[in-house]
Amino acid sequence: MYPQPYPFGGAQNLGGQSQGMGRSPIKKIYKTCMKNRNQHVQLMLMDGAAYTGFIEYVDQQNVYFAIPYVENQQENRNSEAQYDVRGYQIYRCMFPLHAVAGVNGAY
């Protein structure tokens, strides 16, 4: 997360960094999360878990995530399935930035 001294001495920009190849993966995830704030996304973690919700806030260490949960109750008035939304809740989670594997914003 913090700049590390270049292990080989000399210049740090040897061609790869100008194309984005030398960027820290945490910095890339941070920028992706910042770009997708307040949007409906799927957040994938390093352990394989995936959560669908909204990125509320991002700092240098954590991603603050909100997962809406809607309580549906099915009513059988007709042959068609009708739903009556009784209410909703928002579950708020905090994930360490280094545990985030990716963000899909196509939701």
Quiz prompt | Lone unmet requirement of (1) surrounded by 11 or more Cβ atoms within 10 Å (Cβ to Cβ); (2) assigned to a strand (DSSP E or B); (3) modelled with pLDDT under 90 for Arg23 | solution = (2)
Self-check item: Members of segment 36-52 found to be assigned to a strand (DSSP E or B) and free of Cβ contacts under 8 Å to residues at least 12 places away in the same chain, listed by number
Solution: Ala50
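The values are calculated or read from the model by the stated rules, or taken from the named source; none is laboratory data. Owing to the predicted nature of the structure, the values given are computational and were not obtained by experimental measurement. Don't worry about glycine lacking a Cβ; one is built from the backbone with ideal geometry, like all the others, and counts go over all protein chains shown.
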